[in-house]
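Right, one structure below, let's go through it.
What follows is calculated from the coordinates using simple rules that are stated; it is not laboratory data. Because the structure is predicted, anything quoted here is derived from the model rather than measured. Here Cβ is always computed from backbone atoms with ideal geometry, including for glycine, and neighbour counts include all displayed protein chains.
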Amino acid sequence: MNETTENFWAALALPPPPPPVAFYRLYYDKHGYLLFYSMENLPGNYIEIDQATFAAGSPRIRVVNGQLQHIKTNIVTKLVHSDQGQACDPRDIAVITSNENKQYWKLKVADETN
């Protein structure tokens, strides 16, 4: 707090409010691969991480049994046809559509079994 804020709370004769608690989360998919880092309370699988890990923002992380595991090799992914996922125009994957005529795509990780 700065001097102006301290003077404000002193004038009101109230104790200053406690600082907000910061939390850092790493959200991951069902296979443990990183989806995104966030400081928000969002739905999905996540683990609490420290500020240093959050600030590093490494994409080479995997969650195994609730613990972080650093990946030393590259994660290889590719888009594959699917019955669920993102609906795209069958002639151009770059065009997202909700029409009846559509093709679904999902991102597949190389070590994924399905």
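What the table below lists for this structure:
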read-out: Net charge over other residues, Cβ less than 14 angstrom from the Cβ of residue 57 (K, R count +1; D, E count -1); value: +1
read-out: Straight-distance crosslink candidates among lysines, where the alpha carbon sits under 23 Å from residue 72 and sequence neighbours closer than 8 are dropped; value: 30, 108
read-out: Sum of side-chain charges, residue 24 neighbourhood, beta-carbon under 12 Å (Lys, Arg +1; Asp, Glu -1); value: -2
read-out: Gap separating the Cα centres of segment 65-114 and segment 1-57, nearest whole Å; value: 31
read-out: Sparse-neighbour loop sites [trypsin sites (Lys or Arg not before Pro); segment 1-85; at most 16 other C-beta within 10 Å; DSSP]; value: 30, 60, 72
read-out: Gain on full stretching of the segment that runs from residue 52 to residue 106 - 0.36 nm per residue minus C-alpha separation; value: 16.3 nm
read-out: Selected from 17, 90, 59 as most flexible by GNM, with the chain as the system and alpha-carbon contacts under 10 Å; value: 17
read-out: The chain: angle of helix 3-12 to the longest principal axis, Cα-based, in degrees nearest 10; value: 70
read-out: Per-bin percent of Cα-Cα distances, the chain [5 Å]; value: 2, 9, 14, 13, 11, 12, 10, 8, 5, 4, 4, 4, 2, 0
